[in-house]
């Protein structure tokens, strides 16, 4: 009968999902709840955070990160600034590169498609530690990258020890300002502990080297997503467009790209989340240097907690980062939503519960 | 459609997997309790308590170390086993991959290792959090005073210094002789050092290559009679003429071209600059011996004491101590183990094993007899200043080091002022 069948299926459903729910609850939900408590308490690291010696201190940790002038707020703002430029550079680059690679691999005239697919995806599979060490080696002052640039007549910088911001350097070479004597309007005014000159520094040369590495590493993963979506593009529509006289570029822009919108949304969302949380490269390669220009909130959270024994503040940084990512991805979904698709009505709007049950039986 | 026995396979496999996973370590239980084993039949044990009775033996201690390599691990394990054999206890020595993290996990779980290496920079925070058990090591006065001061918090010494290293001046013999310098020219004052560095600076080689940060520049600060904090580490004293003079000396010589920072020479640290011969001299600690013999065996060099500044000789000490956890159950046994590991003979054995210097003054003469080439390093124990070990200053020191990366062009006054402001916020 309808109700009995549904009841048994529901029970079976719960039974099958129970292990995963338990694992997620124990290893995801509980630690996050505990970290939330640590961020509003004064735990010193000794014993459980839930023991009676630990007191509730309210939003003290958040205040010292956002409103009280001091070293903590300055470090947090520096990490936000660095990561902002990092995200701005990496997300578009890796999306475009992934799309380009996917289109290339999907081309009907490409021989050795499997080889190229594997080759492009390979960097994503290799351990990030191994890649980081190789890139450290490549980007030293006398490393392979600078040798290559030297062959082109460019004197490459000592990448990982160079803390100059790109915007500063480019403006300096264009004669807009001088890095040794910044314009007083910018260097004199402080916003949240950093001068405007420091806010508008752009990514440092060291951070740029890390950006190259990350784009190269993650493009492969997103290429696979685009590839799957590309293979879904209806061939008839494409041929119809060809018949109508559309050029290759017009076909790509008006037939392929709109079809890729959901995948684009996914790739950009994942890109934003991944780049705001970047930690591995900083931990392995630079420890936040040179001159704190590769400091990111995730690394700062780790260093504050484990190196500085300031557990509450480390947890607070992590939650602020979560809030930021949440706001950004929500914004991005709103911006990229499909305005033409009719809103899905809830189950009450169109079909009754019994009809759904019958459909499922 | 399945027979009954076939239906039982999946649940059985599942159950056996669960049983394996939840098996637990029944073999690694608490050590044999002498009150319950039949081995020592003749011993009356009804009135003894397990914790404090060391002659009954059977106490199991856990030690966590951050090893520099196999030589150190083996030496420490051998020493711990020797103590274990002598007392009938047992010691399990574990090597940490990330010391800070593993110690933190231990303290948070309430089940930390009994004995562990504790770096001076982590000492203050752990002492303030109550993670450490304060004990007085045997023959405490024999340890160098600066090392004991490093591990003192609010007037109480918490642990025994394990060993130490100091900074000294390494000189490339080939470059030295090529510039026509002799033994009489080895610098004994800061002015002489600046002169010699200028003489040694050629087109392809800078006179002195320095690593960045207060762990190198601090030597010049000490030589000028200053320090970042006051004597009881309750207030910062960075914005003082003495500290400024020390940093100014480095800045002036970088501007003159006779000093250079390791990153500017495209190297990771002073030792690499020295080994690749981009610098004729460098200021590094004992660890440079191992690095040079492993990576740059062809470079011939000598080690001299750092020159004396206006306020006298000055160098920096780096040290770790044997920490004992407050939450450990075996304080007495742990203190005994530490006392065993810090006897002068044991410290000399460690020196021979992996190149550290003994933290006991009575062992200095023996060390110098064994390693006459390290006389300059051990002499630093007398006048060296220990590292900053006050609580809460990790981010402040990191910020200072970050600003001092650009010491060549930095506004030293404002750098020191910002250190004082930030440190006051933490200490005040």
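The values are calculated or read from the model by the stated rules, or taken from the named source; none is laboratory data. Everything quoted here is computed from the prediction, not taken from an experiment. Counting neighbours? That spans all protein chains shown, and the Cβs are built from the backbone with ideal geometry, glycine included.
A few comments on the model shown:
- Counting only helices (runs of 4 or more DSSP H) wholly contained in the range B:89-151, the ones carrying 2 or more residues that are more than 14 Å from chain A (Cβ to nearest Cβ) and touching a helix residue (DSSP H, G or I) at 6+ places or on another chain (Cβ under 9 Å) occupy B:145-150.
- Scanning the range B:171-212 for residues that are more than 16 Å from residue B:283 (Cβ to Cβ), modelled with pLDDT of 95 or more and in contact with a helix residue (DSSP H, G or I) (Cβ under 6 Å, 6 or more places away or on another chain) yields nothing.
- Selection from the range B:314-346 of residues that are closer than 19 Å to residue B:125 by Cβ and buried (at least 22 other Cβ atoms within 10 Å of the Cβ): B:319, B:320, B:321, B:322, B:323, B:324, B:325
- Any chance residue B:303 is away from chain A (no Cβ under 14 Å), assigned to a strand (DSSP E or B) and surrounded by fewer than 19 Cβ atoms within 10 Å (Cβ to Cβ): yes
- Checklist (1) without any contact (Cβ under 8 Å) to a residue 60 or more places away in the chain; (2) surrounded by 18 or more Cβ atoms within 10 Å (Cβ to Cβ); (3) farther than 22 Å from residue A:217 by Cα applied to residue A:146, failing item: (3)
- Among residues of the range B:388-405, those that are more than 9 Å from chain A (Cβ to nearest Cβ) and within 13 Å of residue B:421 (Cβ to Cβ), counted: 1
- For the range A:6-59, taking the residues that are without any contact (Cβ under 8 Å) to a residue 40 or more places away in the chain and on the phi > 0 side of the Ramachandran plot, the one that is nearest to the other protein chains (Cβ to nearest Cβ) is identified as A:47.
- Condition check for residue B:181: farther than 20 Å from residue B:122 by Cβ, surrounded by 24 or more Cβ atoms within 10 Å (Cβ to Cβ) and either in contact with a strand residue (DSSP E or B) (Cβ under 8 Å, 6 or more places away or on another chain) or touching a residue at least 12 places away in the same chain (Cβ under 8 Å) (or both): no
Yes or no, residue by residue, for (1) in a helix (DSSP H, G or I); (2) without any contact (Cβ under 8 Å) to a residue 24 or more places away in the chain; (3) within 23 Å of residue A:92 (Cα to Cα):
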{"position": "A:156", "(1), (2), (3)": "no, yes, no"}
{"position": "A:170", "(1), (2), (3)": "yes, no, yes"}
{"position": "A:207", "(1), (2), (3)": "yes, no, yes"}
{"position": "A:227", "(1), (2), (3)": "yes, no, yes"}
{"position": "A:237", "(1), (2), (3)": "yes, yes, no"}
{"position": "A:240", "(1), (2), (3)": "yes, yes, no"}
{"position": "A:246", "(1), (2), (3)": "no, yes, no"}
{"position": "A:250", "(1), (2), (3)": "yes, yes, yes"}
{"position": "A:254", "(1), (2), (3)": "yes, yes, yes"}
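- Flag for residue A:110 being within 21 Å of residue A:219 (Cα to Cα), outside any helix (DSSP H, G or I) and touching a helix residue (DSSP H, G or I) at 6+ places or on another chain (Cβ under 7 Å): yes
- Here is the figure for the range A:44-73: residues that are within 24 Å of the chain's Cα centre (by Cα) and either assigned to a loop (DSSP other than H, G, I, E, B) or surrounded by fewer than 20 Cβ atoms within 10 Å (Cβ to Cβ) (or both) total 3.
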